[in-house]
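Take a look at the structure below.
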Amino acid sequence: MAASLIGGLIPDTVAPDSIIVAEPNKERRTKLVSQFGVQVTADNNVVCQNSDVVVLAVKPHVMPDVVQQLTGYQNQTLFISIAAGINITSLQAWLGTQHPVVRVMPNTPALIGIGASALYASGNVSKEKKNIVGTILDAVGMSTWVNNESDLDIVTALSGSGPAYFMLFIKALVDQAIKAGLNDSVAKELAVQTAIGAATLAKLSEDDLATLIQKVTSPGGTTAKAMEVLNNRDVPAIIAEAFDAAQQRSEAIASEFSD
């Protein structure tokens with residue numbers, strides 16, 4: 001995700017030499033330099049000592065150790081965390097001060113510049129700093145602010161984990177089309193393009209989703225038969241159950257790492 005953010009920011013938004021990346025792996029540091037032209041270091045504190053904005057792009061289980069070892073940052077250094085479940089109270093406690101912190105829940109389509117990110121800021125994040133965060137995340141897709149930190153647990157289940165749900169559905173369509181006799185590449189091409197088309201139509205149309213479903217479902221037709229099976233199996237309830245499981249896991253992670 002960090003590499004995605006760097007790639008989105010360069011070259012139109014931020015100059016490569018104004019970005020410093022801390023990466024413990026030497027080969028990855030070399031690759032970052034050759035790929036993006038950024039500054040690199042093996043020391044997280046070098047980043048803190050030379051940056052107004054620090055992005056914490058590490059896994060939740062290592063976040064406490066990483067953050068508690070940071071030194072050299074200024075009182076108004078802005079910290080951006082993309083770790084699921086780690087709340088602002090915990091981050092500020094590990095930092096040792098009430099630093100301005102923004103939590104971000106991005107998703108994997110950011111890798112190709114069409115991600116969806118939700119943002120939540122601590123009370124001491126200024127409008128100017130919020131604009132900076134928005135610029136960073138908009139470089140890899142779209143971003144939106146949520147009103148409550150707990151909303152990020154919902155977002156985690158929606159857009160954070162969401163790409164996997166849609167890919168599972170696409171894979172099931174492709175697998176069945178192949179089983180029915182369609183060529184592998186044709187099946188994938190049609191299924192993926194159908195997903196893109198449906199999502200784009202949902203985004204651009206003035207109709208709500210229920211109306212869009214109705215418009216493609218002719219009475220007695222093929223879609224109606226398929227929808228009958230999906231509804232009889234209560235697919236919406238299955239999706240709701242999966243959604244709730246993801247949300248509850250995000251909440252559990254927050255509880256696990258809270259002070």
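General remarks:
- Listed residues Ser185, Gln68, Val229: farthest to the positive end of the dipole of the chain (Cβ charges): Ser185
- Secondary structure note: in the chain, about 20% of the DSSP beta bridges are antiparallel.
- Dipole magnitude for the stretch 162-254: computed about the Cα centre from +1 point charges on Lys and Arg Cβ and -1 point charges on Asp and Glu Cβ, it is near 280 debye.
- Using the average count of surrounding beta-carbon atoms within 10 Å as a protection proxy, the listed peptides 91-99, 124-132, 203-211, 231-239 rank, highest first, as 91-99, 124-132, 231-239, 203-211.
- Placed amide H near Gly115: partners under 5 Å, 5+ positions off or other chain: Ala110, Gly141, Met142
- Across the stretch 78-90, computed HN-Hα scalar couplings (Karplus, 6.51 cos²θ - 1.76 cosθ + 1.60, θ = phi - 60°) run 8, 9, 10, 10, 10, 8, 5, x, 7, 7, 5, 4, 5 Hz from first to last residue, x flagging Gly and Pro.
- Long-range amide H partners of Val54 with built H, under 5 Å: Leu78, Phe79, Ile80
- Shape of the stretch 156-215 from the C-alpha gyration tensor: oblate (a/c of 1.5 or more and a/b not above b/c, with a ≥ b ≥ c the square roots of its eigenvalues).
- Candidate values [x] 20.7; [y] 18.5; [z] 19.1, label of the one derived for Kirkwood radius over Cα pairs in Å: [x]
- Normalised radius of gyration (Cα atoms, divided by 2.2 N^0.38 Å) for the stretch 162-254: 1.27.
- HN-Hα J in Hz across the stretch 41-58 - Karplus 6.51, -1.76, 1.60, θ = phi - 60°, x for Gly and Pro: 7, 8, 10, 4, 5, 5, 4, 4, 6, 10, 9, 8, 10, 10, 9, 8, 10, 10
- Karplus-derived HN-Hα couplings along the stretch 128-142 (A = 6.51, B = -1.76, C = 1.60, θ = phi - 60°), whole Hz, x at Gly and Pro: 4, 5, 4, 5, 5, 5, x, 4, 4, 6, 5, 5, 10, x, 10
- Distances between placed amide hydrogens fall under 5 Å for Val21 paired with Gln39, Val40, Thr41, all partners being 5 or more residues away or on another chain.
- Nearby lysines by direct alpha-carbon distance to Lys215 (threshold 25 angstrom, same-chain neighbours under 8 apart not counted): Lys171, Lys188, Lys203, Lys225
- Dipole magnitude for the stretch 99-201: about 100 debye, using +1 per Lys or Arg Cβ and -1 per Asp or Glu Cβ, origin at the Cα centre.
All of the numbers you see were taken from the coordinates with simple rules; none came from a lab. Just so we're clear, the structure is a prediction, and the values are computed from it rather than from any experiment. Cβ coordinates were reconstructed from backbone atoms using ideal geometry, including for glycine residues, and neighbour counts include every protein chain displayed.
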